[in-house]
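Engineer: My questions will all concern the structure given below.
Since every read-out is calculated from the coordinates, none of them should be taken as a lab result. Keep in mind that what you see is a predicted model, and the values were worked out from it rather than measured. Every residue, glycine as well, gets a Cβ built from its backbone with ideal geometry; the counts of neighbours run over all protein chains shown.
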Amino acid sequence: MSYNTDHDDTELAHDGDGPEPQLYAVFNVDRSVGVWCDRSGETVHVQLTADALHFGERWLASEIVMVAGLAHEQARVALGEEILEAGRARGEMGLAHAREVVREMGLPSDSEYRRMVETTLYGPV
């Protein structure tokens, strides 16, 4: 886990080999906790402001887990979009198959993800 108390949102380190990795970042409401997931949904970076360290361990753990879950779901949205795009490139049958794959994998749509964020970060509507 890394701590960045100056709250710099610059990209994470990249070793220069191959293409830039796809990363998905989510922050809590006050931006004191940020989590990045890679394309597979694995957490690769946690950023905490100095303020986050003053709220206590329980609160901090809860915020990290909540934000990490949203970042993971954001990566799953992107995966679903990639599958659908690949299906579209193969015509109607390809798109129909891609939709079935996305459904079977339980990948959320962008609108489902937005509702998830609203409910998780701001409470039920």
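Engineer: Between the stretch 48-69 and the stretch 106-125, what is the separation of their alpha carbon centroids in Å?
Structural biologist: Here the two parts' Cα centres lie 20 Å apart.
Engineer: Follow-up. Please give the length that would be gained between Leu60 and Arg39 if that part of the chain were fully extended, namely 0.36 nm times their separation in residues minus their C-alpha to C-alpha distance (nm, one decimal).
Structural biologist: 5.1 nm
Engineer: Okay, moving on. Taking 0.36 nm per intervening residue step and subtracting the Cα-Cα distance, what contour gain separates Arg103 from Val117 on full extension?
Structural biologist: 3.0 nm is the gain from fully extending Arg103 to Val117.
Engineer: Further, regarding this structure: Under a Cβ-only charge scheme (Lys and Arg +1, Asp and Glu -1), can you give me the dipole magnitude of the stretch 23-122 about the Cα centre, in debye to the nearest 20?
Structural biologist: 120
Engineer: Moving to a separate point now. Considering the stretch 23-122, what Rg and Dmax in Å follow from its alpha-carbon atoms?
Structural biologist: Gyration radius and largest Cα-Cα distance of the stretch 23-122: 16.0, 54 Å.
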